[in-house]
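Here is the structure we will look at, set down as structure tokens.
No lab work stands behind these numbers, since they all come straight from the coordinates. Since the structure is predicted, the reported quantities are computational estimates derived from the model, not experimental observations. Here the Cβ positions follow ideal geometry from the backbone for every residue, glycine too, while neighbour counts run over all protein chains shown.
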Amino acid sequence: MIPAAFEYAKASSVDEAVKLLDKYGEDAKVLAGGHSLIPLMRLRLAQPKALVDINGVKGLDHIEAKGDKLHVGALVRHVAIHSSDVVRDKLPILADVASEVGDNQVRNMGTMGGVVAHADAAGDYPTIALMLDAEIVTNKRTIAAKDFFKDLFTTPLHADEIVTEVVFPIANGPHKYIKFRRRLFDWAIVGAAAQKLNGHWRIGLTNVGPTPVRAKSVEDALAKGAKPEEAAQHASDGLDPAGDLRASPEYKKHLARVLTRRAIEQAQ
Amino acid sequence: MAVTQLVGAKIHRREDPRLITGHGHYLDDFTRQGTVYASFVRSPFAHARVKSIDVTDASKAPGVVGVYTARDFKGQLTGTHPTTPAFTAAKKYVPERFPIAEKEVCYQGEIVAVVVAGSRAQAADGANLIQVDYEELPAVMDLEKALKPGSAKVHVDGPDNIGWDIPYTGPEVTDAAFKEADVVVKERILQNRLAPVPMEPRGVLAEYESFDKKLTIWLSSQSPHFIRLFVSGSMGLKENQVRVISPDVGGGFGSKISPYPEDYLVPALSRMTERPVKWIETRTESIQNATHGRGQFYDVEVAAKKDGTVTAMRVTQFLDIGAYHGTFAGFQACACLMAGGAYKWKGGITARTIGILTNRVPTDPYRGAGRPEATHLVERMIDLVALELKMDPVDVRKKNFVQPEDFPFTQNFGLVIDSGDYEKSLDKALQLAGYSDLRKKQADLRKQGRYLGIGLSTWIEICGFGPSAATAPATGGIALVESAQVRVTPTGAVMVYTGTHSHGQGHETTFSQLVADQLGVPMESVDLRHGDTAEGTAFGYGTYGSRSLAVGGVAVSKAVGKVIDKGKKIAAHLLEAAEEDIVFEHGSFHVKGSPDKAKAFGEVAFASYGTGLPEGVEQGLEATAYFDPPNLVWPFGAHVAVVEIDAETGNAKLEKYVAVDDCGNIINPMIVDGQIHGGVVQAIAQALYEEVVYDEASGQLKTGTLTDYMIPSAGEIPQLIVDKTITPSPTNDLGVKGIGEAGTIAASAAVINAICDALSPLGIKHVDMPASPDKIWHMMKEARK
Amino acid sequence: MKHKVVVTINGRKHEHEVEPRLLLVHYIRDVAGLTGTHIGCDTSQCGACTIHVDGKAVKSCTMFAVQADGRNLTTIEGLANGDELHPIQQAFWDEHGLQCGYCTPGFIMEAAYLLAQNPNPTEDEIRKGLEGNLCRCTGYVNIVKAVQSAAKTMSSAPAKKTTVTAGGN
């Protein structure tokens, strides 16, 4: 299928990209990896008037550990995250997650910034970002992950705002991400992440609501000394997931509990 | 069959060098000077009245050559969609179908308008500008509700929604057996609706030459001659004015047999615009509009004795026809005739098929067509009998098998099964799977609260369509025989033309092996051609129903035989011997008892174009043959699936899969194994992953892309263990049966039987397809209550 | 507005003015005339259109031609060295790793990338590595075998390895 016509411009800097976005207005979209946007355009479910291609923007493809933070540039591809020694060393759960996004070819194109800005409920990075209190940095400001994923496909980003990097805390303690899906290349039916950080468990869930979820009640129960199987029972507290072709709401809640327990138990 | 070098050998495929280097010729690789592109406007509703269509904006859009609606095709195309009459002989209602809807649309995707423009993009843009005013009508989606008097109707002017209702045998046939039964088991068994998804979607390129009044159609088809027959008729052309070329075809699985609306509309557009017109189906269009398969449910009951003898069956097939009858839709009713499977039913089988119209895309044959459904239901019922009687499913099968000495065996519907040795293939499969160890492992795991299941499928198949007496009434007159032509040039090069048409089966290789062996010439001397109605015989019947080798291959062999016979006449003349004293072997004609007095095949070929031929012998060396098989052929086999179900998530993981199949003599074992692999995986996909889902209220397709329609990848599929037994078919001289559909016919039952076996400690008896984790988890949860 | 695109495909330079919405796969097929790269879906699942862009396997249906400006592309037509098949092509032939052949160019290109990254993959790694390519004919059995066999051939003939990502870097 063929997308509707659009204007196209390449930006070589963030400033230039922002200027172009200003020029084209509300109907412009940023093109990074394109693996969410282009299929939607081919189906004509998205018909932007203009695309601003930021793939040539310099300085957005860094992976750097600075102090107790890991900075991942918006244009870093999944494959780079997965194969980065720095990520493997400083935030190994992120490397694991990156290897399970899409498929091999998708991972060569898809980007950290693209996944975060797209804010799909089934996206994997947003769960990690939310769970670890990561910060999403744009050309204008820094937004805490908890304020960023507002609703399904909805973020506080303005039309002329571009994600430049995501800053995670360094966390190389026990961790596990379990992405439950039918086919290897599928989105998560439900995903559960567990990460020990500063002696405390952080628990995140994917695709159990319009936004990623941090399972605080599980974290609290664990902090109070509950066993994983007891604590994980709280994973579905307050969840009201939408059913879809693959899973009923009830099943998603069940999976949230089972996968949370498994993630904690299998974390290493 | 002679002992030879090529037949039976793993010969590398001749078609591969072009395909692995990117030099294949699939439909979209063809173009003609001045080609314009078509884009279709399709109904977004399952059922609606078309009030008006506004083409003003589209007509003015850049590059648009023309915009057309039903009215424009009225003078171009006549008639209705062809359907098989015999299978729908009893109570039936076959709605009229014009390739483009005028006043009423009856499934989501039905065509209402088409834009022709200078490029693909301009055509798509133009189609987006067409405004159609619809009045939505109630969608008929539920099979049982559709049958009720007073139901909303799929076609507002139709009498009801009953496409056919055929009681093959009445209840009285099985009354006695059910009365005398020790146990009766009953089940309702669903067959999920499936999208065939050949990796190459469909497409049509048509060029009408106004002055010559000749039409060439390139399309991705399993049966180019049938398409020529139907399209020429509808367009008011003689068959010799139309040439259909089906080039390399990227898979079909049954979805490229019947004609489609676009197959008529695109050629008509070429005649109207006087330009070559091309349309390539997108994947989204393909899932929405290419005919679907299965989409049925069965009410089945089986009567059995305490010792495990099954005596009688009652089965009713409820089949979702969709909005219009598929050309060969009625063929799927053969599930009833095959419901007895590999077993003896001395107390009879009561069978009835009801075809029900719904506001969905039509169903038509999909790999196996009727036979996977038959296997699935009978293999499930055998397991239910075993469960009820607490017997090993192996023992129930062995107790009821038709035995080797029973063949030819006339089954309950009068079909004659030509050959078989069911116990042999089962024993081999059990041994390969390590059946007794698996049962021990299962017992151990059950103690740990784990759910391991072992499932069997001892399948049989009817294929090789088909004898003219059986098929001519079913197709409305054209018997499904097969034709072949063999032509030998003066230098001894051999050109073989077949009426079958490979879409991945490797005919260029297999058939060449056959011919090269029979003629004793190298394979390089043989060129196999198919797929072009301007070449070869006047009619070819196509590839489907596992028929190519068992019917087409035999036709080729017969034509080669005729060439050899003529060669003998010429050789006898050259060698000054009597014709009956000439022996042909290893590529040479020699006088019986004097191998030195010989003429090579090439010499005879050359001589056949020369002078001084024997009295009454014409120049040239070529022959045409048609093969009308005396019976169908009956492959069989035994499959074993091993599944473990995650007690917490309900996820069924296929641990092991063993397939032992018997397709008679084998020409190329590598290709046979490949067919088994693909077929098995397609059925595993049906059992675990795939389902076309429509919204039950609105009729909107919910699985319109490969994101939602779940074709499995390599990551979901285990390594398969494949082996064979060989029981030559007595039906044809080659002793061959079919293998294209076998895997698909066998495997869904094995997988689901394994899942049910795994869950049996919970009292779960039956799980429908696809056995998704969510579904299994819900069942386990209910069972544990 | 049309944009100028200059790309190198299989070592040959191509230069055209194209609409931004032209997908790279349509450019390769319809503009550059290399029809070995196929289209099997609309949503980036099937992988039939897989090519190498600067040595990396990507789905050319999920990239615009304008994005490929200045890049070095390899398609299935560029994999063989003249008449000499690439070891992966040879292995697909030897192991019957294809039936209808439509998905095959995508699989071969992905396998070439996979083996360049991981010359000795396990069966599981191969299956995972091919997760972005769908085949409807083979059940993947012989595709996996072909990749295993190619890996063996390529590791025993290291000189040939340089051709793995022909055109890439």
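General observations
- Under-5 Å amide H pairs with B:F45, H placed in peptide plane, nonlocal only: B:G109
- A straight Cα-to-Cα reach below 16 Å connects B:K256 with the aspartates and glutamates B:D28, B:E200, B:D248, B:E281, B:E285, B:D364, B:D532, B:E741, residues fewer than 8 places away in its own chain not being considered.
- Estimated inter-spin distance, B:E144 and B:D695, nm [label 7 Å along Cα→Cβ]: 2.4
- Taking a straight line from the alpha carbon of C:K13, these aspartates and glutamates sit under 17 Å away, with near neighbours fewer than eight places off in the same chain left out: C:D30, C:D54, C:D69, C:E77.
- Given their separation in residues at 0.36 nm each and the Cα-Cα distance between them, B:Q241 and B:R529 gain 101.6 nm when the chain is fully extended.
- For the residue pairs A:K146/A:K216; B:K153/B:K186; B:K103/B:K148; B:K10/B:K599, alpha carbon separations beyond 22 Å are given by B:K153/B:K186; B:K103/B:K148; B:K10/B:K599.
- Fully extended contour minus Cα-Cα distance, from B:A493 to B:T56, at 0.36 nm per residue: 151.5 nm
- Principal semi-axes of the equivalent ellipsoid, √(5λ) from the alpha carbon gyration tensor of the protein assembly as shown, are 49, 38, 32 Å from largest down.
- Placing a pseudo-label 7 Å from each Cα along the Cα-to-Cβ vector at B:E579 and A:D237 gives an inter-label distance of 9.6 nm.
- Net length gained if the chain between A:D151 and A:D244 were fully extended (0.36 nm per residue, minus Cα distance): 31.7 nm
- For the peptide C:102-109, the mean number of other protein chain Cβ atoms found within 10 angstrom of a residue's Cβ is 5.
- Ordering B:323-331, B:438-446, A:96-104 by mean Cβ neighbour count within 10 Å, with the highest value first, yields B:323-331, A:96-104, B:438-446.
- Most to least packed among B:580-591, B:362-373 [average Cβ atoms within 10 Å]: B:362-373, B:580-591
- Euclidean distance between Cα centres, the stretch A:126-184 to the stretch C:115-157, Å: 34
- The stretch B:743-785 and the stretch C:89-108 have their alpha-carbon centroids 35 Å apart.
- Peptide ranges B:154-162, B:514-522, B:548-556, C:38-46 listed from the most packed, as the mean C-beta count within 10 angstrom indicates: B:548-556, C:38-46, B:514-522, B:154-162
- FRET efficiency estimate (nearest 0.05) - Cβ-Cβ, B:Q33 to A:Q268, R0 56 angstrom: 0.30
- With semi-axes defined as the square roots of five times the eigenvalues of the C-alpha gyration tensor, the equivalent ellipsoid of the stretch A:157-210 measures 23, 21, 10 Å, largest first.
- Net charge contributed by nearby residues that have their C-beta within less than 11 Å of B:M199 (K/R +1, D/E -1): +1
- Estimated purely from DSSP H runs of n ≥ 4, each contributing -39500 (n - 2.57), the mean residue ellipticity at 222 nm for chain B is -8500 deg cm²/dmol once divided by its residues.
- Spin-label zone in the stretch C:51-79 - amide nitrogen under 16 Å from a point set 7 Å from the Cα of A:S12 along the C-beta vector: C:69-71
- Taking every residue in C:113-121 and counting other chain Cβ atoms within 10 Å of its Cβ, the average works out to 1.
- Relative to one another, the C-alpha centroids of the stretch B:445-504 and the stretch B:611-634 are positioned 24 Å apart.
- Estimated vicinal HN-Hα couplings, Hz - the stretch B:345-362 in sequence order (Karplus 6.51, -1.76, 1.60; Gly, Pro = x): 10, 5, x, x, 10, 9, 9, 8, 10, 10, x, 10, 7, 9, 8, 10, 4, x
- Sorted by Cβ density within 10 Å, fewest first, the residues B:K702, C:K13, C:K2: C:K13, C:K2, B:K702
- Residues of the stretch B:516-533 falling in the label zone of B:Y609, defined by backbone nitrogen less than 20 Å from a point 7 Å along Cα to beta-carbon, are B:516, B:519-529.
- Here is the list for the stretch B:257-319: GluC sites (Glu not before Pro) lying in DSSP coil, each with at most 16 other C-beta atoms within 10 angstrom of its C-beta, are B:E274.
- Label-to-label distance for B:S151 and A:K66 is 6.7 nm, based on points extended 7 Å past Cα in the beta-carbon direction.
- Label reach from A:N198 (point 7 Å along Cα→C-beta): in the stretch A:82-107, amide nitrogens under 19 Å belong to A:90-93.
- Peptide A:184-193 has a mean of 4 when you count, residue by residue, the C-beta atoms of other protein chains within 10 Å of its C-beta.
- Ratio Rg/Rh [Cα only; Rh per Kirkwood] for chain C: 0.97
- Only Lys, Arg, Asp and Glu carry charge here, each on its Cβ (+1 for the first two, -1 for the last two); on that basis the protein assembly as shown has a dipole of about 1560 debye about its Cα centre.
- Too-long pairs where the Cα-Cα distance tops 29 Å, listed order kept, from B:K238/B:K278; A:K252/C:K128; A:K253/B:K656; B:K447/B:K785; B:K428/B:K765: A:K253/B:K656
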